[in-house]
Amino acid sequence: MTSQLEPLLDFLTPLTSPFLAVVVILSVRPVLERFSSALSRAFAFGGVVGSFFLCYKLLALNEAVAHWLSALNTPLVTVLVFVVLPAMYLPRNRYYKYFLLLPAVLLVLGIADIFRSYAQIPQEHRGFYWFLIRPAYLMGMVAGVIVLVQPFLSMKWFRRAVRLSLLLVLLYGGFAFRTSYVDYQQMLERRTEADAAVMTITDTVPSVNTEGRMLYLPSAPCRFSADGGYVQGCNIELFQRVLQLDFSGAISGDPNTLNTLSVLSAAALLFLLISFLFARIACGWLCPLSTLGDIVGWARKKLGLPYYKPSKTVKVSAFAGGLSIAGLTFLMAKAVPHLDKDGAFLGCKIPSFPFCKVCPAQQVCPVASGGIDDYPPLPGTEWAFGFFRYGSLLILAFFLLAFIAARRLWCRFCPMGMISGVFNRGGMVRLKKNPLKCNSCGVCEEVCPMDISLVRKTMDDRNVSSYDCLLCGKCVEKCPRDGCLTIEHAGVDVCSSRFRSSNSD
């Protein structure tokens, strides 16, 4: 079934462009305000998509432009535009069940693609190879399952379902979700040949790293997960790659450098567009590193241990510490192209990706996905005079302590989240408050994992979004005042506080 759809999918390539998501989301509010009936709105959105489709095809007539547009494309956009966004915007009335047919169809197509992949395995090699499924179908399946279960779950359990689903995909997806039998075998070969003692990350190929495209999410899915995880890695790894580019080669017209620059610039733009569209939602709903940290926090809670509420000085210090570590390792990444034959710059031995070697994800994620035997060897003291050896241990200790003792203190230190936080103001998502309904009870501040007091204190501004907010929705979930707090996307209310739902768990 899925193979017969390939020609159609090639024709529908414009529907995988991130610019489509931007165009559609920016048109949501004008369409909803101008048209009242569901049919007229459907035609209006169809016109928006059709117009974009035509413009894309015309621009793609230029070979250079077509190559650049292609580097940006990802099936994630199609899933966002046609599955996730409608699930956010459509009212939960009797017609919503007809929309649910789409995620149900995607679920069936994903299962069919797995059977197709297994049917193509030579008879003599038949066996169990986990889930052989192409990225587009897996993304559709995951989104489809999440959308289908959402009507039956409270926000608390829906958030947990989303985080668990994404944790499994991003942590175990590097080996559990390969595109074909051949791809699975190549993955096994890479894992046996990988030299863990080498301070590089070139021995992994994430599942979606195909056709010269890289996908980075605004969170911390680590490249050091088994066979690289599912996506390319975190945004900090991306910026390290950009810093290591030899721009002199691009100026001189070197084809390899130009191709690398094209891929990386497309990946960076795609990351920024996703951040603009969804701000820091990824930190509250998607990030596997924070999910693993919250499991540690859950254990602390079950043991009945109190948590420490950090002072403003501690919060600022954590932010400054994360910024300093990122800045220092970025400077080292910039020096990587200028290393001598011994791998040193001015006598300082530097690994390929400096930040990755002190980030706790490169220790936590391999162990979580492959067991204690996959714990990477610590860098020797010859690397930057011991900076990477002791730095990696100290930051790992801080990561564990931050979740054991103080909920999400780590998220103030995390450079991955710092970038997404910029879009909490001016992006497409915001947290709104109706001051007339607020009685300053303080529930929002009490349940906030980031200990943000702005939501409670602000009485003269409806927009209470802040840089540190993870948009986890806990304040909306627990607020005891109907309609007091609302998460808004592109000017449309997605969810609001309800007294009954906030006290039902």
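Kindly rank 89-97, 321-329 from highest to lowest mean number of other beta carbons found within 10 Å of each residue.
321-329, 89-97
Going 7 Å from the Cα of Ala112 along its beta-carbon direction, which residues of segment 7-51 have the amide nitrogen within less than 14 Å of the resulting point?
7-9
Compute the distance in nm between two label points, each set 7 Å from the Cα along the Cα-to-Cβ direction, one at Arg462 and one at Ala397.
Those two pseudo-labels are separated by 5.0 nm.
Mind jotting down a quarter of the surface of the convex hull over the alpha carbons of segment 84-188, in square nanometres, one decimal?
So the Cα hull casts an average projection of 7.3 nm².
Which FRET efficiency value, to the nearest 0.05, do you get for Arg160 and Leu346 by plugging their Cβ-Cβ distance into 1/(1 + (r/R0)^6) with R0 = 60 Å?
0.80
Could you tell me the calculated FRET efficiency between Gln185 and Asp10, based on Cβ-Cβ distance and R0 = 30 angstrom, to the nearest 0.05?
It comes to 0.65.
Using heavy-atom solvent-accessible surface (probe 1.4 Å) with all chains present, what is the largest-first order of Ser440, Ser27?
Largest accessible area first, the residues go Ser440, Ser27.
Using a simple spin-label model with points 7 Å from Cα along the Cα→Cβ vector, what separation in nm is obtained for Leu61 and Val367?
5.9 nm
Suppose we take every Cα in segment 28-124 and form the convex hull; what volume per residue is that in Å³?
In segment 28-124, the Cα convex hull volume per residue is 149 Å³.
Note the full-extension length gain between Ala320 and Asn259 as 0.36 nm times their separation in residues minus their Cα-Cα distance, in nm to one decimal.
The Ala320-Asn259 span can extend by a further 18.4 nm.
From the convex hull of the Cα coordinates of the chain, what is the mean projected area in square nanometres?
Averaged projected area of the chain's Cα convex hull equals 26.4 nm².
Ignoring any ligand, DNA or RNA, what whole percent of the accessible area of segment 377-465 comes from carbon and sulfur when the probe is 1.4 angstrom?
Percent of accessible area from carbon and sulfur atoms in segment 377-465: 63.
How high is the FRET efficiency between Leu339 and Tyr308 when r is their beta carbon distance and R₀ equals 56 Å, given to the nearest 0.05?
The formula returns an efficiency of 0.85 here.
With 20 Å as the limit, write out which pairs from Lys312/Lys432; Lys156/Lys478; Lys301/Lys474; Lys433/Lys474 have Cα-Cα distances beyond it, or answer none.
Violating the 20 Å Cα-Cα cut-off are Lys312/Lys432.
What full-extension length gain, to one decimal in nm, is calculated for Arg94 and Leu39 as 0.36 nm per residue of separation minus the Cα-Cα distance?
Fully extending the segment from Arg94 to Leu39 adds 18.3 nm.
Could you derive backbone 3J(HN,Hα) for segment 391-400 from the dihedral phi with the Karplus parameters 6.51, -1.76 and 1.60 (θ = phi - 60°), listing whole Hz in sequence and x where the residue is Gly or Pro?
Each residue's phi maps through the Karplus curve to give x, 5, 6, 5, 6, 4, 4, 5, 4, 5 Hz.
As a test of the formula, what do you get for the chain when each DSSP H run with n ≥ 4 contributes -39,500 (n - 2.57) and the sum is divided by the residue count, at 222 nm and rounded to the nearest 500 deg cm²/dmol?
Only helices count here, giving -17000 deg cm²/dmol.
What residues from segment 333-366 fall in the zone where the backbone N is under 12 Å from a label point 7 Å along the Cα-to-C-beta line of Glu382?
The answer is 342-344, 349-350.
How would you order 337-346, 169-178 from highest to lowest mean count of nearby Cβ atoms within 10 Å?
169-178, 337-346
Explain nothing, just the number: dipole magnitude of the chain about its Cα centre with +1 on each Lys and Arg Cβ and -1 on each Asp and Glu Cβ, in debye rounded to the nearest 20.
Its charge dipole is roughly 2340 debye.
Please compute the length gained on full extension between Asp482 and Lys301, using 0.36 nm multiplied by the number of residues separating them and subtracting their Cα-Cα distance.
Between Asp482 and Lys301, full extension yields an extra 62.3 nm.
Considering only protein heavy atoms, what per residue accessible area in square angstrom results for the chain with a 1.4 angstrom probe?
Result: 47 Å² of accessible area for each residue.
Can you compute the modelled spin-label distance between Leu26 and Ile121, with each label point 7 Å from Cα toward Cβ, in nm?
Result: 4.7 nm between the two label points.
What do the square roots of 5 times the Cα gyration tensor eigenvalues come to for segment 328-456, in whole Å, largest first, as semi-axes of the equivalent ellipsoid?
After diagonalising the Cα gyration tensor, the semi-axes are 39, 19, 12 Å.
The values are calculated or read from the model by the stated rules, or taken from the named source; none is laboratory data. Quick caveat, the model's predicted, so the values are computed rather than measured. All Cβ positions, glycine included, derive from the backbone under ideal geometry; neighbour counts span all protein chains shown. Surface areas here come from the heavy atoms of the whole protein model, side chains and all, with no ligands, DNA or RNA. Shrake-Rupley method; radii C 1.70, N 1.55, O 1.52, S 1.80 Å.
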